[in-house]
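Below: the structure, in structure tokens.
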Amino acid sequence: MPNRRIAAPSARERLLAAADDLFYRVGVQTVGIDRVISQAGVAKASLYKIFGSKEELVRAYLELRHTATTERISRALTRFRTPRERLLGIFDAQGELFTDPAFNGCAFVMASAEAPAGGAVVHATEAYREWVRTLFTTLATEAGVADPDSLARRLHLLYDGAGLSARLDHDPSAATTARSAAAALLDAAPRVQQPEAS
């Protein structure tokens, strides 16, 4: 049987892997370009040729995080059958992340904290937050909530708060607390009136 050679990661892949590790673990503002290229083992010219700037590298790193979060939550939600279970399952998926020893808070909060207004980092953060809000709104609609947008805003606040609490208080159970509050909000939310059968 012939030996199959596994292709070595491209310069882009190595830069993103280094950025993902360093930006998330140490911080976007703290880590300079030289540290990223050193860890990636590529020339500085390669970084600028591929990404053009540090801001674009940060944007690509956040898009990578966004994709990973989307896939992780989507996979987790396949375990649940009803819209109510899926909606609350978002907090279960969040709780699994909080127990990871490498958990260091929300990458988007950290990256956008000192980002220039209107820049690529802010746009990547807004896209991620829009995805989270849309997911809550969609599942609230499927659960028959009369005002899914309003409930989604409240659930998004719980989701954000759980992430901050898990990071700042070193409390992985924050997701369980947020899930309980989310269940109370969901159960109290008015439902769409079904037309009476004639």
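With the checklist (1) in contact with a helix residue (DSSP H, G or I) (Cβ under 9 Å, 6 or more places away or on another chain); (2) over 30 Å from Leu168 (Cα atoms) in hand, flag the one item Ile6 doesn't pass.
So Ile6 meets the others, but not (1).
Against the definition (in contact with a helix residue (DSSP H, G or I) (Cβ under 6 Å, 6 or more places away or on another chain) and either aliphatic (A, V, I, L, M) or not assigned by TED's automatic domain parsing to the domain that holds Thr78 (or both)), how does Ala184 come out, yes or no?
Spelling it out, it is not the case that Ala184 is in contact with a helix residue (DSSP H, G or I) (Cβ under 6 Å, 6 or more places away or on another chain) and either aliphatic (A, V, I, L, M) or not assigned by TED's automatic domain parsing to the domain that holds Thr78 (or both).
For the stretch 150-198, name all the residues that are in contact with an Asp or Glu (Cβ under 8 Å, 6 or more places away or on another chain) and loosely packed, with under 13 Cβ neighbours inside 10 Å.
Pro190
All but one of (1) crowded, with 18+ Cβ neighbours inside 10 Å; (2) farther than 19 Å from Leu164 by Cα; (3) among the basic types (Lys, Arg) hold for Arg79, so report the exception by its number.
The single condition Arg79 does not satisfy is (1).
Going through the stretch 113-149 one residue at a time, which ones are surrounded by fewer than 16 Cβ atoms within 10 Å (Cβ to Cβ) and of a type in the set (Phe, Trp, Tyr)?
Trp131
Would you mention how many residues in the stretch 8-36 are of a type in the set (S, T, N, Q) and touching a residue at least 40 places away in the same chain (Cβ under 8 Å)?
Of the residues in that region, 1 qualify.
The values are calculated or read from the model by the stated rules, or taken from the named source; none is laboratory data. Given the structure is predicted, the values throughout are model-derived calculations rather than measurements. Methodologically, a virtual Cβ is constructed for each residue, glycine included, from the backbone with ideal geometry; neighbour enumeration extends over all protein chains shown.
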